[in-house]
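Bear in mind these aren't lab numbers, they're just calculated from the coordinates by the rules spelled out. Keep in mind that this is a model prediction, so the values were computed, not measured. Cβ atoms come from the backbone with ideal geometry, glycine included; neighbour counts cover every protein chain shown.
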Amino acid sequence: MSLEGLLDTTFDCECGRRHNVPVKRIIYSEDALERLPEVLSSIVSGRRIVLTADNRTWDIAGCNAEKILERAGWSTEHIIVPDIDHGNPVCNEKTYDWLSDKLPSADIALAVGSGVINDLTKWVAFDRDLPYAVFATAATMNGYTAANVAPTLKGVKSLIRTRPPIAVFAIPSMIVEAPFELTASGLGDTLAKPVSTADWIFNHIFFDEYFCRYCSEMINTLEPYYFDHPEDIKNRQPDAIEALFKALLYSGIAMTLVGTSAPASGGEHLLSHTLDMMTSVDGVAHDLHGRQVGLGTLFSSAIYDRIFRIEDTVIHASSSDIDTTFWGPLAESVSRQYEQKQPLLQILREKLTDGQAWRAFLDAGRDQVRPPDQIKHCLRTAGAAHTFKDIGCSHGRLRDAILHMHEIRKRPTVIDLAWILGILPGAADEIIDQWLTT
Ligand SMILES: [Zn+2]
Ligand SMILES: [Zn+2]
C-alpha cells in the first residue's frame, strides 16, 4: 500500500493488532491554502474555526488562511501566541492555561505553525474534545501527526496522550524555503530512526515490549532521499525536502498506530530531553529538538558500535540512584522515573547471561543501526548540527547531559545497556572527542 493510501483506513496488521489511521488527509500542494475550506468542510460539519499561530507563522500563512476561510463562508477567530523574552513561545502549563482561557467555542481548531503551536493546539483541542488540523510551516520534527504532545511540566519533559490532527496542510515552496535550521532540525529528528528502532528491538527482545515490524519500516522507502543524498537537503532540493517532510509525518503516524513513541524515539532522544530539562534547572538556553537529537543519534550510534563488538557480556555494577545534586529541583520526579526502571534493569542483567538472547539482539541490531561515520557524514553534508558548539553547548555541559540522561525515563534504552556493560561512563569522553567535537 502507498503511504497516502494508509490515510483514514483501518487494517489488520501482521503484528496482530488492528491499526486505525486517524489522519484523514495530507495536502502537500502549492494550493494548500485555497483548499482549506473544501477539505475541512468534507471532515467537519460546522463552520466555526479558530486559528492559532505565533507572530511569524501568522504573517506567512495564518492571515491568508483566515481570509480564504472567511471568503468561503466560515466564521473565524484567531489567537496569536506571544513570544517569551524575545524567543519563540514554549509548550508548558502556563501557555496551555493562557490558550485554554482564550479559546472560543468552535467546530474545529487550525494550528498554523510547527512544534510548539502544533503541540499547544493539539493539547487544548483534545481537552475541549475539539477536532483539530494543522497547517505546517516547516519540516522541523515528527510531532505533527503524533497522538502525543511533549510539554515541559514543572520543568520536566513530559508526554501527554491526546489525538492527532484530522488533516495536515503544507505548501511545498514554503517548507523548502523555511529557515534552514528548522529543516536541519527535522533531519536530525528523522535520522534517529535506525537507532530508535534498534532500541525498540532491544526492548522487545529483553522485556517483551510490543513490536510492529510494519510500523518500524513505514518510512524506509523515503530514507534514501535524504540519508544517501544529504547534499540535496543542504541545497533545498524539493524532492529531498518532500521526502524528509513526509518521513516526519509518517513517523508520527507510526507512533500514533503503535500508541507509544517507540518507532521514533529511543536513547538518542534522551540527550535532547536532558538538555531541555537542564534549561529548566539553570536557565541556560537549549537548541531545537531535532538539532540536539542529531547529536544524540551520533552518540547512540557510537555506543552501538562498541556494543556490537561484544561477543560475551560481562555485567558491571551500576548505580540505582540518581544524582540529586545535578537535578536539583527536578530530582524527585527524575528519581520516580529511574526507580521504576530498576526492576527491568535487574531482568536485563539476568537475561544478558543468556547467549542466545544476546546473539539475537546483536543480529537484529546490526541490521538496523547505521555506523557513526555515516550519520556524521549525513549531518555534516546537510549542514545540520553535529558538534556541541553547533548546539550552543560547552563540552562540560554536553558531558553532564550524556552522563545523566539515562536517569530521566523509566523505559530502558541502549544507554542503560551501555552502563551495565561497562561502556559508560568510561567511553563518554572518547565518543565526545571523536564524534561530537569537530
Ligand atoms: Zn502492526
Ligand atoms: Zn523527536
Note, G266: beta-carbon cut-off 12 Å, +1 each Lys/Arg, -1 each Asp/Glu, net -1
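Under the Kirkwood approximation for Rh and a Cα-based Rg, what ratio Rg/Rh is obtained for the stretch 3-178?
On the way: Rg = 15.8 Å, Rh = 16.5 Å.
Dividing the radius of gyration by the Kirkwood radius yields 0.96.
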Any idea how far the Cα center of the stretch 312-359 sits from the one of the stretch 135-211, in Å?
-> 26 Å
What's the extension gain from D85 to S173 if we count 0.36 nm per residue and subtract their Cα-Cα distance?
-> 28.7 nm
Pick from T137, T260, T324: which residue has the top mean-square fluctuation in a GNM of the chain where Cα pairs under 10 Å get a spring?
-> T324
Select from S318, L348, T438 the residue farthest towards the positive end of the dipole of the chain; place +1 on Cβ of Lys and Arg, -1 on Cβ of Asp and Glu, and compute about the Cα centre.
-> L348
Take the alpha-carbon centre of the stretch 31-72, take the same for the stretch 87-103, and report the distance between them in whole Å.
-> 21 Å
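By its C-alpha gyration tensor, with a ≥ b ≥ c as the square roots of the eigenvalues, how is the stretch 8-98 shaped: rounded for a/c under 1.5, else prolate for a/b larger than b/c, else oblate? Walk me through the numbers on the way to the answer.
Details: a/c = 2.23, a/b = 1.32, b/c = 1.69.
Judged from the Cα gyration tensor, the stretch 8-98 comes out oblate (a/c at least 1.5, b/c at or above a/b).
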Of L362, G155, I68, which is farthest along the charge dipole of the chain in the positive direction, counting Lys and Arg as +1 and Asp and Glu as -1 at C-beta?
-> I68
How fast does the stretch 163-242 diffuse by Stokes-Einstein, in µm²/s, taking the Kirkwood radius from C-alpha pairs at 37 °C and 0.692 mPa s?
-> 225 µm²/s
Using every pair of alpha-carbon atoms in the chain, split the distances into 20 Å bins beginning at 0 and state the percent of pairs per bin, rounded to integers.
-> 27, 58, 15, 0
Environment charge at V284 (Cβ cut-off 13 Å; Lys +1, Arg +1, Asp -1, Glu -1) = -3
FRET E, pair C15, L159, Förster distance 25 Å, beta-carbon r, rounded to 0.05 | 0.70
Going by alpha carbons, how many degrees (0 to 90, nearest 10) lie between the helix axis of 180-191 and the longest principal axis of the chain?
-> 50 degrees
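R236 to E77: extension gain in nm, 0.36 nm per residue of separation minus the Cα-Cα distance? Working shown, then result.
Details: separation 159, 0.36 × 159 = 57.24 nm, distance 3.43 nm.
The span from R236 to E77 would gain 53.8 nm if fully extended.
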Which lysines have a Cα less than 25 Å from the Cα of K154, not counting those fewer than 8 places away in the same chain?
-> K94, K102, K122, K341, K410
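Express the relative contact order of the stretch 3-178 as a whole percentage, based on alpha carbon pairs under 8 Å and six or more residues apart in sequence.
Working: 337 pairs, mean separation 42.8, N = 176.
Reported as a whole number, the value is 24 percent.
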